[in-house]
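I have placed the structure first, in the form of structure tokens, so that the comments after it can refer back to it.
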């Protein structure tokens with residue numbers, strides 16, 4: 001990862017737009033992967049919200065309307081199809097996003113952060129699995145050579161909780177209100193359709209190859225404005 005002053009990518013493992021942005025970066029701009037500071041973003045549960053407030057943070061939250069939910073379903077299917085992908089929509093029932101996001105910090109320490117992101121995205125958006133199920137996360141951890149019991153129990157690990165709250169505090173301090181969210185210097189870019197301008201804003205111009213399904217014609221829906229449920 002780069003330093004905090006370098007280019008940042010705020011991503012969420014529950015967001016289909018973050019998933020698509022992740023794939024774009026990994027597949028079309030692989031040289032950028034290790035230059036970015038990858039910072040997870042998720043809607044905190046009650047415990048994380050309490051810890052965040054103790055440190056002076058307040059998570060930006062906006063509930064998703066039914067109209068937006070239906071739009072996202074259509075928009076993501078359209079964007080995925082343009083990339084030759086097929087979405088397998090997960091069903092989230094009372095999700096606890098710490099279950100999937102906190103193990104990222106364990107994977108990161110083991111040098112498998114990007115692989116963890118990739119496998120969780122695959123499970124969620126390509127296989128339609130419930131990534132709030134500790135058993136699913138344990139399986140992913142085992143595949144990466146991590147301790148499956150510790151990965152599955154990350155939600156109950158106070159050290160990881162504190163590290164996760166630190167990440168959410170960065171979300172608050174940098175004014176991140178949705179994902180995917182990119183920062184280059186003082187410039188901020190929100191949404192999948194802002195990936196290309198973000199790349200152009202990097203000091204050496206990381207590349208601005210045309211991205212399928214992104215641009216004015218793709219509509220507003222290629223951004224995720226924040227939602228505690230599963231699709232937005």
Practice problem: Could you look through the range 81-114, keep only residues that are out of contact with any helix residue (DSSP H, G or I) (no Cβ under 7 Å at 6 or more places or on another chain) and outside any loop (DSSP other than H, G, I, E, B), and pick out the one that is nearest to residue 36 (Cα to Cα)? | Solution: 108
Practice problem: Just give me the residues in the range 1-16 being modelled with pLDDT of 95 or more, farther than 17 Å from residue 105 by Cβ and more than 8 Å from the chain's Cα centre (by Cα), in sequence order. | Solution: 7, 16
Quiz item: Among the residues of the range 167-187, how many are more than 15 Å from the chain's Cα centre (by Cα) and either crowded, with 18+ Cβ neighbours inside 10 Å or in contact (Cβ under 8 Å) with a residue 12 or more places away in the chain (or both)?
Solution: 8
Quiz item: Is one or more of the residues making up the range 147-165 touching a strand residue (DSSP E or B) at 6+ places or on another chain (Cβ under 8 Å), at pLDDT 95 or above and buried (at least 20 other Cβ atoms within 10 Å of the Cβ)?
Solution: yes
Exercise. Name every residue in the range 177-210 that is modelled with pLDDT of 95 or more and assigned to a loop (DSSP other than H, G, I, E, B), in order of residue number.
Key: 180, 191
Quiz item: Of all residues in the range 44-70, how many are at pLDDT 95 or above and surrounded by 15 or more Cβ atoms within 10 Å (Cβ to Cβ)?
Solution: 7
Quiz item: If you scan the range 34-71, which residues turn out to be over 17 Å from residue 173 (Cβ atoms) and part of a loop (DSSP other than H, G, I, E, B)?
Solution: 36, 43, 45, 62, 63, 64, 65
Quiz item: Counting just the residues of the range 4-27 that are touching a residue at least 12 places away in the same chain (Cβ under 8 Å) and assigned to a loop (DSSP other than H, G, I, E, B), which one comes out surrounded by the fewest Cβ atoms within 10 Å (Cβ to Cβ)?
Solution: 4
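The values are calculated or read from the model by the stated rules, or taken from the named source; none is laboratory data. Model, not experiment: these values are computed from the prediction. Please note: Cβ atoms are built from the backbone with ideal geometry, for glycine as well, and neighbour counts cover all protein chains shown.
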